[in-house]
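The values are calculated or read from the model by the stated rules, or taken from the named source; none is laboratory data. Predicted model only: the values in this text are computed from it and were never measured. Neighbour counts run over all protein chains shown; Cβ positions are idealised from the backbone, glycine included. Areas reflect the complete protein model, heavy atoms only, side chains present, ligands, DNA and RNA absent. Shrake-Rupley method; radii C 1.70, N 1.55, O 1.52, S 1.80 Å.
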Amino acid sequence: MNKSRSRFRVGALSSICAFLAACGGTGAPPQTGSGEETKTSPALETSAPPAQPTPVAAQGVGVRLNAEAEYDRGAALAAAGNLDTARMVFQAAAAADPLYSSLAAALAAYQDADQGRVPREVIQRMFRAMLHANAGRWGDAYADAEAAIKLAPDYVRAYDTRAKLFLLEGKYPDAIKVFNRVLQVDSIYAEGYYNRGAAYSEMGRHDAAISDYTRAIQLLPSFSEAYRNRGSAQTHKDDAPAAISDFTKAHELDPLAVEPLYLRGVVFALLGQWNEAAADYTRAIERDPGLAEAYYDRGLAYQNLGNDDRAAADYTKAIELNPANPAALINRGLILARRKQYDLAIADYDKALSVPPVMVVAHYNKALALEQTGRFKEAIAAYRTFLQHSTPEHAALTQQARERLAALEK
């Protein structure tokens with residue numbers, strides 16, 4: 001009974017962004033500035049990679065945001081045993097937003113109770129299990145799921161609830177075992193394939209995930225979330241055309257959803273198609289003005305397009321929405337340094353260094369800015385700190401830092 005949209009934001013989206021970080025960023029660093037600036041400091045500054053997104057559920061505008069809020073309200077009512085009131089909430093929200101799959105799933109459970117397939121208490125137990133899980137009360141959550149299964153031993157949604165608990169807790173092999181049982185009982189249960197696909201995705205088994213998402217789509221051609229998650233798996237398989245196609249289809253099926261547009265922008269960025277990426281990030285922001293990672297990634301796109309003004313504005317907005325984003329601070333600092341606003345750049349680097357986990361490139365960029373302002377002793381210290389923490393992935397910067405340090409220590 002948990003919301004597929006929330007599950008995706010915690011799982012598949014964080015996975016795709018981790019994939020981007022592993023690739024070392026989404027393209028070459030922006031140009032470092034004028035020829036005069038290069039003469040002053042021959043070392044290159046470096047951009048930070050895409051930021052890890054905040055693991056919260058993205059929401060759209062207007063009716064979508066209200067539907068999610070109403071789903072939460074209905075779920076809380078159902079978990080408390082106010083089943084009739086909860087049903088009216090779900091029905092009203094589904095009438096306003098028929099594309100929101102969690103509402104359809106909730107009403108399907110009520111229909112099963114109406115048809116005498118399950119006792120009404122099963123509905124309460126399933127909703128309460130997910131409510132406990134969202135609060136981290138795993139013992140209570142599993143107890144309610146097991147109670148639902150005892151009340152309805154042949155009910156696939158009861159087993160599906162237990163499998164979702166395993167999925168949410170990160171026990172992916174256990175989740176797959178239960179989903180296997182669910183699909184043995186009901187081989188045309190589209191949500192079961194979708195959820196098992198999510199478990200496979202979290203385990204890095206992307207071929208198996210794609211197969212399950214494809215089966216879910218065959219059973220339910222309007223399943224926009226399945227297209228979206230299959231697109232994420234395709235990205236992990238380095239199949240950008242297939243990923244773009246799936247995200248586009250997900251957007252066509254559910255125009256209010258944020259994730260398909262944002263993730264399609266991510267793929268365009270991987271391809272270095274910065275104009276297309278910026279356009280998709282803009283569409284995502286229009287639907288969710290609070291989506292901090294979209295501002296950051298659009299800033300990165302603008303920076304690669306050479307538009308520092310727009311990039312700086314987006315980094316500033318990303319920082320306002322998520323102060324714990326060192327990458328945005330580093331990249332804004334880079335722009336400030338190119339404008340010769342070195343003190344402001346150093347302030348951004350210092351803020352970035354105060355946010356864990358520390359991005360060691362901030363030490364390097366700070367050293368460059370300190371050198372530009374004539375604060376040579378501090379620059380030497382910053383270069384040394386960078387060299388202490390640099391890794392093989394910083395090989396080029398390490399060489400440049402050693403050269404600058406040698407020149408300063410003469």
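Within the shell of other residues whose beta carbon sits under 15 angstrom from the beta carbon of D112, the net charge comes to -1, with Lys and Arg scored +1 and Asp and Glu -1. The HN-Hα couplings worked out from phi for the stretch 383-399 by the Karplus form 6.51 cos²θ - 1.76 cosθ + 1.60 (θ = phi - 60°) are 4, 5, 5, 4, 5, 5, 10, 5, 10, x, 5, 9, 4, 5, 5, 4, 4 Hz, whole numbers, x standing for Gly and Pro. Take 100-111, 218-229, 347-358, 385-396 and order them by the average number of nearby Cβ atoms within 10 Å per residue, most first; the result is 218-229, 100-111, 347-358, 385-396.
From most to least packed by mean Cβ count within 10 Å, the peptides 308-314, 207-213, 370-376 give 207-213, 308-314, 370-376. Checked against a 31 Å cut-off, the cross-linked pairs K317/K366; K150/K171; K249/K351 give Cα-Cα distances beyond that limit for K249/K351.
With a 1.4 Å probe and all protein chains kept in place, how do D288, D280, D114 rank by accessible area, largest first? Display every interim value, and only then the final one.
Numbers: D288 25, D280 0, D114 95 Å².
Final ranking, largest accessible area leading: D114, D288, D280.
Taking Cβ atoms as reference points and 15 Å as the exclusive limit, the residues near A279 contribute a net charge of 0, counting Lys and Arg as +1 and Asp and Glu as -1. Backbone geometry of the stretch 320-333 corresponds, through the Karplus equation with coefficients 6.51, -1.76 and 1.60 at θ = phi - 60°, to 3J(HN,Hα) couplings of 4, 6, 9, x, 8, 10, x, 4, 5, 5, 4, 6, 5, x Hz, x marking Gly and Pro. With every protein chain in place and a 1.4 angstrom probe, the accessible-area ranking of I380, I123, largest first, reads I380, I123.
State the percentage of accessible surface on the stretch 260-384 attributable to carbon and sulfur atoms; use a 1.4 Å probe and exclude ligands, DNA and RNA.
Taking all protein chains in place, the stretch 260-384 shows 53 percent carbon and sulfur surface.
How would the stretch 112-202 be classified by its alpha-carbon gyration tensor: rounded, prolate or oblate, with rounded meaning a/c under 1.5 and the a/b versus b/c comparison settling the rest?
oblate
Working ranking of peptides 163-173, 295-305 by packing, defined as the average number of other Cβ atoms within 10 Å per residue, highest first, is 295-305, 163-173.
Just to confirm, what accessible area per residue do you get for the stretch 332-392 at 1.4 Å probe, in whole Å²?
Details: 2800 Å² over 61 residues.
That works out to 46 Å² for each residue.
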